[in-house]
Amino acid sequence: MLIQSSLKKPSAVSQRVTPTAPAPARESSQSTVDSVDITTSGPKVSGSIGAMTGALTGRVLTSLSGGVLGGMAGSMLGYGALGAVIGGAVGLAGTSYLEQKTKVGRLVGGMVGGTVGTGVGHLADAVGLHPSETLAHECRGFTLGSLPKKLLNTHYTSHPRLSGEIVEEGVAHAKPGDIIMTNDDGNFMIEILQKLTGGNAHWTHNYIVDNDGTVMDILQDQPGPTRWPLRHAFTDNGHAQILRPRYKNEESIEKTLEAARSRFGNMSYDFKFDLKSDDAQYCQEYAYKALQEGAPEIRIEPRKALYLRDLVSAEEFQESPDIDEVWSTGSNFWLNWLSHFN
């Protein structure tokens, strides 16, 4: 993960649940039990997509309009090109701040996009063009009446936290040395930032499963690595995936876990996302370097991010030939984005 939102530490550390017989991996954290009629789902799907597009467009146009007006004002005051540049920068910063506070551009753009999208969906249904079952199910909660409240709450998502049977399945599958990838859609900026680095942004955070019924990770608002009950990795997120490195033996597992433990009290969060520094690490760097030290047989290849710096994200773990997915609820960047509007 590049950035992870704040988490409240549980009051006690739970004991590890003894694994039961493996259950089939789930393709999505969103239940597919509730049936939807795709022949009448066009307005909801197009409305959600329209609201998503309109909200982004409205926010960008609102900010840019301030920059344009500021540039014009700076030029008109007689300061020429320099005045236009300074005025544009001030105007852009000012309107961006106001948009962040008021969300007026997001609200207006989202409502216009949602309304137009709903109309397009009705036309599509009329001529027999229907959305996929996945999209129909994802957008089943969309209504224009509820849209304003959702647009004004940037942390809203229709994706619930994991609970019940899904959590029990995840806990039962997890073993010491596993890497648990997670995502909580409540703060979508985390996913946006990962998308800007060139990744797929389906997953944003990870934990390392220790052999005492806990998981280890590192967060931006903590002084160093932290430890949580195993269940916390599932109950505090909307999506979870268990990855299992192909350790050559039990000694490799223990060396990896010891490498992760040794960083407690000796490391801070790496806001620069620089793999070259060891005294500060972000969560996927934390797991990557623990594996490098304890199980060098596990191949994970860093990639070049947009700013030409080596980066390790969830994607690099998933693409490793030495790591297997053993359980997953599923997570998809685009469906996660749509969840903020339905």
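I need the calculated FRET efficiency for the pair Leu82 and Val104, taking r as the beta carbon distance and R₀ as 30 Å, to the nearest 0.05.
Step by step, r from the Cβ atoms, then E = 0.50.
Can you give me the C-alpha center-to-center distance between segment 301-342 and segment 188-242, rounded to a whole angstrom?
12 Å
Can you compute the FRET efficiency between Leu123 and Leu61 using 1/(1 + (r/R0)^6), with r the Cβ-Cβ distance and R0 = 25 Å? Round to the nearest 0.05.
Between Leu123 and Leu61 the formula returns 0.45.
Please compute the Kirkwood hydrodynamic radius over segment 38-152, one decimal place, Å, based on all pairs of different Cα atoms.
It works out to 15.5 Å.
Using the Cα atoms of segment 104-226 to build a convex hull, what is its mean projected area in square nanometres?
11.3 nm²
Please compute, over every Cα-Cα pair in segment 164-338, the percentage with a separation greater than 30 angstrom.
Considering segment 164-338, 9 percent of its Cα-Cα pairs are separated by more than 30 Å.
Take the residue pairs Lys175/Lys195; Lys103/Lys304; Lys175/Lys248; Lys175/Lys276; Lys195/Lys276; Lys101/Lys195 and return only those whose Cα atoms are more than 26 Å apart.
Those over the limit are Lys175/Lys195; Lys103/Lys304; Lys175/Lys276.
With label points built 7 Å along Cα→Cβ from the Cα atoms of Thr40 and Val116, find their separation and express it in nm.
About 2.8 nm, to one decimal.
Jot down the per residue volume, in cubic angstrom and as a whole number, of the convex hull over the alpha-carbon atoms of segment 220-259.
Each residue corresponds to 110 Å³ of Cα convex hull volume.
Given the peptides 89-97, 319-327, arrange them by the average over their residues of other C-beta atoms within 10 Å, most packed first.
Ranking, from highest mean packing down: 89-97, 319-327.
For Cα pairs less than 8 Å apart in space and 6+ apart in sequence, what is the mean separation divided by the residue count of segment 37-135, i.e. the relative contact order in percent?
Relative contact order here is 49 percent.
Estimate the FRET efficiency between Leu196 and Lys248 by the formula 1/(1 + (r/R0)^6), using the beta-carbon distance for r and 35 Å for R0, to the nearest 0.05.
That pair, Leu196 with Lys248, gives E of 0.45.
If you average over every viewing direction, what projected area does the convex hull of the Cα atoms of the chain give, in nm²?
Computing the convex hull of the Cα atoms and averaging its projections yields 20.8 nm².
Quote the relative contact order of the chain in percent (integer), defining contacts as alpha-carbon pairs under 8 Å separated by 6+ residues.
Once divided by the residue count of the chain, the mean separation gives 24 percent.
I want to check the label-to-label distance for Leu69 and Ala172. Put each point 7 Å from Cα in the C-beta direction and report it in nm to one decimal.
Taking the two extended label points, one gets 6.0 nm.
Every number here is computed from the coordinates shown, using simple stated rules; none is lab data. As the structure is a computational prediction, the values presented were derived from the model and not from experiment. Backbone-built Cβ (ideal geometry, glycine too); neighbour counts: all protein chains shown.
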